[in-house]
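Only one structure is covered here, and it is reproduced in the block below.
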Amino acid sequence: MAIEEILFWFFAVAAVAGGLGVVLHPNPIKSALFLVMTFFALAGEYILLMGHFVAIVHIAVYAGAIMVLFLFVIMLLNVPEETRQGGVWGAMRYVALGLFVFLSFQLSYFGFQDFFGDKQQLVKETEIGTVESIGMSLFSEYVLPFEIASILLITAMVGAIYLSKSKLIIEESKKKKAVEKEDH
Amino acid sequence: MGTLSIPLHYFLILAAVLFGLGVIGVITRRNAIVIFMSIELMLNAVNLTFVAFSNYLNNVEGHIFVFMVMVVAAAEVAVGLAIIVAIFRLRETVHVDDIRLLKW
Amino acid sequence: MHDFIWIIPLMPLLGAIINGLFGHILKGKAGFIASVAVLISFLYTVRAFFIVMDGTIIHNELFTWIQAGDFTAGAAVLVDQLSIVMMLVVTGVGFLIHVYSNGYMHGDRTVGKFFSYLNLFLFSMLMLVMGDNLLLLYLGWEGVGVCSYLLIGYFYEKESASKAGLKAFLANRVGDFGFAIGIFIIFSTIGTITYAGIEGQVDKLMAAGVVTSAALLLFMGACGKSAQFPLYIWLPDAMEGPTPVSALIHAATMVTAGVYMVARLSFLFVRSDVAMMVIVIIGTFTALFAATMALVNNDIKRVLAYSTISQLGYMFIGVGVGAFAAGVFHLMTHAFFKALLFLGAGAVMHSLADETDIRKMGNLYGKIKITALTFIMAWLAISGIPPFSGFFSKDEILAHAFLYSPLVWVFGAIGAFLTAFYMSRLVFLTFFGESRVEPEVEKHIHENPPVMTIPLMVLAVLSVVGGLIGIPAGLAYLWGGENHFANFLSPVFANAASYSEPHHISHALEYGLMAASILIALGGIYLAYLMYIKKAMDPDAIANRFSGAYKVLSNKYYVDEGVEAGILNPIVRFSQWLWHFVDTRVIDGFVNSAGKIVWLLSLIARRVQTGYVQHYASVMVVGVILILAYYIFR
């Protein structure tokens, strides 16, 4: 067994285990940490596929920024463990399992398709995933989507700031609720 | 340039399994934050297929797409978490089964 | 040519729009604007009159109003001798009444609304008399109906007023129904509704055998609008409206629309002896019938209302016997003296704090001299004392009626006697004898302001001299004159002239009839004088002696009660059955059970909607799985 295969299976098992942990662990903080684990495992898979730039950005953005944001919010809100079980939720668990099986098998089925007719193989080394090649494409052919992406990020930032600042709206709706309660 | 001894469909099946796990999380978990995490999981599964196909087709566009997905994910998380914080301040809960106004 | 003619109807319309939109801002100025609008119309009408006098008939089409298949209706005016007479009466009397209203309605809260309606009425009335086709006539016909409804119910806070408005509207609706069908018959037979077109193809109507039915249906409309038996019932109640409205709409102009219509379509009516006979019979009966009801009524305005119905009966006798010019002549003189009577009655009421009961008047002559004097002029005119205007017009009608059938003359003469009697009774009880005014009111009796008395004086002059333009040919013959009015109108009735041609009246007979009618009028006045001034006969004693007849008369022959029991109550009961059974049970049953079924089904269906986002998400995933399955197993 080649080293690549060993690495693939190692990262694959780690990713799936992390995913299971995210979905199944009742404590949100632990879920988040499992998600970080999955992200690292996926970064390994990217490196196997010679996606250097994507792998590094993935670690930096997901594990570094997004997950920190998640953890902050969880701590800020002091979210308790999920304790509610049973009822409709018990049934939903089996529904979800059924959906999981169907969906995964169907998607895997496509994996076995002969996509382009010539049973091509994945390559061990390639230049396309490097920072240089991606940078060349991003700043030449895809410069417009790139700039639009920056606008999107700014918009999201403004929206997030506004949402967390708008105490007024929240207080007003609280007042309204109080009035409604009095009416009843 | 040698070929990789792992076939393409290994990566695709791994992505399918991770995507399915994400679906389970979205459907069964009641904590809005965990639901968000599950969505991230699904996005990552898709990213993996993009990168795998990019290698397979020797084409840079898959990487560009992954980059864009990350941008969208970052934006989505920023806004989404802000909404969750706002909802928490209003209703003192992040449980989606407490927030069921989408009913007649 | 003569495009200015459109200014005549459009000025009142403009006034109505301005007062309707800005009346609440204009307040006191609304009356001024309305009056000026009508004055401009009147002046242009005078200009048109001189053009028509020279023998030019103004025919001006502004645009094609409706064009659908074979049907064409133009927005076109036809101003000939008949129209111009009507227009002069409408705008002239209308202007005087507008001026009078400025005084009468002074201080009213919604005076802008009042003048807006009044102007709108004049617009409709002018369209009615100026249109060159039946559709424009119908437009004006319904327009004046609406304005009449609005103005009768003007004091809508009073229940009786709004009910009276409704009654007028419904009674008119019965007539208008026939009128519309009459128009349909004419259109479907000859395919045109212009007067010229109908006149040219009236033989086709004859050949199709529908001329009698068309004429009778059109006359049905005239019965409603001109308050002839049996559709007269709305007019007495219409007195609930403000008095200037009664003068303008329910005496001088609108109610004569039926007479105008018959005269306008004279070429059609003369083709049907049956229709003409029906018109004469109805006219005669109404003239007499309404006069008897006026004998015992004690409300100053209602007496005048019954008198109006009676006089309209005379006009229909005139047009029915083929003396169209005489009918229109009486229409014109009646407009003068009846408008004057109503405005005078309004002035009396104004002086007496809105008192309308003549039993609570008396000896007002010295206190409101101008009103009293003008009222007396009108009284002499309507009673038929020469040389006041009513004498000439009524006499000419009666002379023609005598030729048609002496019986009609006898009834007409009895009616004239009654008219002289009840008008004298009204005048004596109001202005002479001892005062029966309530002491509280008596202190405040005052003469009215000039804005009200000047129109009275102008109308009084017209009532006195208005008849001179139409001195009957027989009388004018004495000094070599002729009947100018009839000659002026003769082109309009050229096609109908043959109807009355054979009966040529001899001078001796005409003088005899005149003498008879003067004696009759004087007799009526003298009888009233004996009863109410000299007290030689006690009216109460007579009423007691004929208590049965008195009761019938004072209850207006129980017609209102009969209509209520025979027509209204069954309709109301039927409607209630429709409401309680058909509507609430059957129709609502269908509708409600349709709703209930949906409701029951949705009780099941709405379980799908749990409100949990995750349930929706799972359904979405199921959808994704199904789509993928389609691709796999395709």
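Filtering region A:1-20 down to residues that are within 14 Å of the chain's Cα centre (by Cα) and surrounded by fewer than 22 Cβ atoms within 10 Å (Cβ to Cβ), which residue is farthest from B:F36 (Cα to Cα)?
Filtering region A:1-20 for residues that are within 14 Å of the chain's Cα centre (by Cα) and surrounded by fewer than 22 Cβ atoms within 10 Å (Cβ to Cβ), the one farthest from B:F36 (Cα to Cα) comes out as A:V16.
Within the set of pairs 6 or more residues apart or between chains, which connect a residue that is touching a residue at least 40 places away in the same chain (Cβ under 8 Å) and within 22 Å of C:D538 (Cβ to Cβ) inside region C:284-308 to a residue that is open to solvent by 10 Å² or more (accessible area, probe 1.4 Å) and small (G, A, S) with Cβ atoms less than 7 Å apart?
C:V296/C:S554
How many residues are among the charged types (D, E, K, R) and under 20 Å from C:Q228 (Cβ atoms) if we restrict to region C:153-174?
Residues that pass the stated criteria total 2.
Can you find a residue that is open to solvent by less than 10 Å² (accessible area, probe 1.4 Å) and either within 29 Å of A:K177 (Cα to Cα) or of a type in the set (D, E) (or both) anywhere in region B:57-78?
yes
Please verify whether region A:20-35 includes one or more residues that are assigned to a helix (DSSP H, G or I), touching a strand residue (DSSP E or B) at 6+ places or on another chain (Cβ under 6 Å) and farther than 29 Å from A:S137 by Cβ.
Scanning region A:20-35 turns up at least one residue that is assigned to a helix (DSSP H, G or I), touching a strand residue (DSSP E or B) at 6+ places or on another chain (Cβ under 6 Å) and farther than 29 Å from A:S137 by Cβ.
Would it be correct to say that C:A420 is open to solvent by less than 20 Å² (accessible area, probe 1.4 Å) and under 30 Å from C:M457 (Cβ atoms)?
yes
Counting only residues that are under 29 Å from A:I154 (Cβ atoms) and within 7 Å of another protein chain (Cβ to nearest Cβ), give me the helices (runs of 4 or more DSSP H) lying completely in region B:1-95 with at least 2 of them.
Fully inside region B:1-95 and qualifying: B:32-57, B:61-91.
So in region C:352-388, with the set limited to residues that are among the β-branched types (V, I, T) and in a loop (DSSP other than H, G, I, E, B), which one is farthest from C:S307 (Cα to Cα)?
Top of the filtered list is C:I368.
Identify the single condition in (1) buried (at least 24 other Cβ atoms within 10 Å of the Cβ); (2) of a type outside the set (G, A, S); (3) free of Cβ contacts under 8 Å to residues at least 24 places away in the same chain that C:R109 does not satisfy, given that it satisfies every other one.
Among (1) buried (at least 24 other Cβ atoms within 10 Å of the Cβ); (2) of a type outside the set (G, A, S); (3) free of Cβ contacts under 8 Å to residues at least 24 places away in the same chain, C:R109 violates only (1).
Have a look at C:S554, C:S547, C:S517, C:S618 and point out the one that is surrounded by 15 or more Cβ atoms within 10 Å (Cβ to Cβ) and either touching a Gly at 6+ places or on another chain (Cβ under 7 Å) or under 29 Å from C:S424 (Cα atoms) (or both).
C:S517
Every residue in region C:88-123 that is of a type in the set (A, V, I, L, M, F, W, C) and within 10 Å of C:P455 (Cβ to Cβ), please.
Scanning region C:88-123 gives C:V93, C:F95, C:L96, C:I97, C:V99.
Considering C:M457, C:M537, which residue is of a type outside the set (G, A, S), part of a helix (DSSP H, G or I) and modelled with pLDDT of 75 or more?
C:M457
From the list C:V410, C:V348, which one is over 25 Å from the mean Cα position of the chain (by Cα), in a helix (DSSP H, G or I) and not polar (S, T, N, Q)?
Matching residue, one of C:V410, C:V348: C:V410.
Could you check how many residues of region C:597-634 are in a helix (DSSP H, G or I), over 17 Å from B:G22 (Cα atoms), over 60 Å from the mean Cα position of the chain (by Cα) and not aromatic (F, W, Y)?
11
Restricting attention to region C:621-634, and to residues there that are more than 10 Å from every other protein chain (Cβ to nearest Cβ) and open to solvent by 70 Å² or more (accessible area, probe 1.4 Å), which single residue is modelled with the highest pLDDT?
Step by step, filter region C:621-634, then rank; the result is C:Y630.
Evaluate region C:276-291: report whether one residue or more is in contact with an Asp or Glu (Cβ under 6 Å, 6 or more places away or on another chain) and open to solvent by 10 Å² or more (accessible area, probe 1.4 Å).
Within region C:276-291 (the criterion being in contact with an Asp or Glu (Cβ under 6 Å, 6 or more places away or on another chain) and open to solvent by 10 Å² or more (accessible area, probe 1.4 Å)), the answer is no, since none of the residues qualifies.
Considering C:G92, C:G140, C:G107, which residue is within 30 Å of C:V348 (Cα to Cα) and in a helix (DSSP H, G or I)?
C:G92
Out of region A:107-144, which residues are modelled with pLDDT of 85 or more, in a helix (DSSP H, G or I) and polar (S, T, N, Q)?
Within region A:107-144, A:S133, A:S137 qualify.
Which one is surrounded by the most Cβ atoms within 10 Å (Cβ to Cβ), of the residues in region C:185-200 that are outside any helix (DSSP H, G or I) and touching a helix residue (DSSP H, G or I) at 6+ places or on another chain (Cβ under 7 Å)?
My answer is C:I193.
Does C:M277 satisfy the condition of being assigned to a helix (DSSP H, G or I), in contact with a Phe, Trp or Tyr (Cβ under 9 Å, 6 or more places away or on another chain) and aliphatic (A, V, I, L, M)?
No.
From the residues in region C:426-446 that are in a loop (DSSP other than H, G, I, E, B) and of a type in the set (D, E), which one is surrounded by the most Cβ atoms within 10 Å (Cβ to Cβ)?
For region C:426-446, the residue satisfying everything is C:E438.
Of the residues C:E157, C:E142, which single one is farther than 22 Å from C:F42 by Cβ, touching a helix residue (DSSP H, G or I) at 6+ places or on another chain (Cβ under 9 Å) and open to solvent by 10 Å² or more (accessible area, probe 1.4 Å)?
Only one candidate qualifies: C:E142.
Does region C:572-584 contain at least one residue that is loosely packed, with under 11 Cβ neighbours inside 10 Å and either β-branched (V, I, T) or in contact with a Leu (Cβ under 6 Å, 6 or more places away or on another chain) (or both)?
The answer is no; no qualifying residue exists.
Checking the conditions here, which among A:A65, A:A55 is surrounded by fewer than 16 Cβ atoms within 10 Å (Cβ to Cβ), part of a helix (DSSP H, G or I) and modelled with pLDDT of 80 or more?
A:A65
The values are calculated or read from the model by the stated rules, or taken from the named source; none is laboratory data. Computed from a prediction, not measured in an experiment: that's the story for all the values here. We place every Cβ from the backbone using ideal geometry, glycine too, and count neighbours over all the protein chains shown. In case anyone asks, the SASA skips ligands and DNA or RNA and just uses the protein heavy atoms, side chains included. Shrake-Rupley method; radii C 1.70, N 1.55, O 1.52, S 1.80 Å.
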